[in-house]
1. Which of the following residues is loosely packed, with under 13 Cβ neighbours inside 10 Å and either closer than 20 Å to residue 97 by Cα or at pLDDT 85 or above (or both): 29, 85?
2. Could we say that residue 108 is out of contact with any helix residue (DSSP H, G or I) (no Cβ under 6 Å at 6 or more places or on another chain) and buried (at least 20 other Cβ atoms within 10 Å of the Cβ) here?
3. Scan region 29-61 for residues that are in contact with a helix residue (DSSP H, G or I) (Cβ under 9 Å, 6 or more places away or on another chain) and touching a residue at least 60 places away in the same chain (Cβ under 8 Å) and jot them down.
């Protein structure tokens, strides 16, 4: 986990039933990314130079087919990474933490690489990539949205049973 002051705030999160309808009721809170399909919501997106990174989630009620997927696009517009692929339960693929300071973070690993998508309450979003415990990339986003710390996102992560980072 990147942010030293992150605490799990699931106990304060909105009720699980709220997550089922929040995408329909508050669409403007989730600006779209070209990496996410029209039937998905963009939970996080980051542009660094001409590369784009996004976290996309199935829209609508939480059910056994609900998913979250990280996607990366190179400077030529080609999607070069999808995780997880194939799709699987978000709780087995991602970790999520929200702090009392308003910062939020999603973590996941692909082989020897660990990724941290960080949304500070103030400032630009960040993307960190480590390999075997050593930082290999640290990107400050040129542009992006900051929706990981929204109550709707907290409720969704809770409803999808996404655990806190270890």
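1. 85
2. On the way: out of contact with any helix residue (DSSP H, G or I) (no Cβ under 6 Å at 6 or more places or on another chain): yes; buried (at least 20 other Cβ atoms within 10 Å of the Cβ): yes.
Judged against the criteria, residue 108 is a match.
3. Passing the criteria: 29, 30, 43, 44, 57.
Rundown of residues vs (1) free of Cβ contacts under 8 Å to residues at least 60 places away in the same chain; (2) in a loop (DSSP other than H, G, I, E, B); (3) within 13 Å of the chain's Cα centre (by Cα), yes/no style:
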{"position": "63", "(1), (2), (3)": "yes, yes, no"}
{"position": "66", "(1), (2), (3)": "no, yes, no"}
{"position": "69", "(1), (2), (3)": "yes, no, yes"}
{"position": "72", "(1), (2), (3)": "yes, no, yes"}
{"position": "76", "(1), (2), (3)": "yes, yes, no"}
{"position": "81", "(1), (2), (3)": "yes, no, no"}
{"position": "87", "(1), (2), (3)": "yes, yes, no"}
{"position": "101", "(1), (2), (3)": "no, yes, no"}
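The values are calculated or read from the model by the stated rules, or taken from the named source; none is laboratory data. Bear in mind that the values here come from a model prediction, so they are computed numbers and not experimental data. We place every Cβ from the backbone using ideal geometry, glycine too, and count neighbours over all the protein chains shown.
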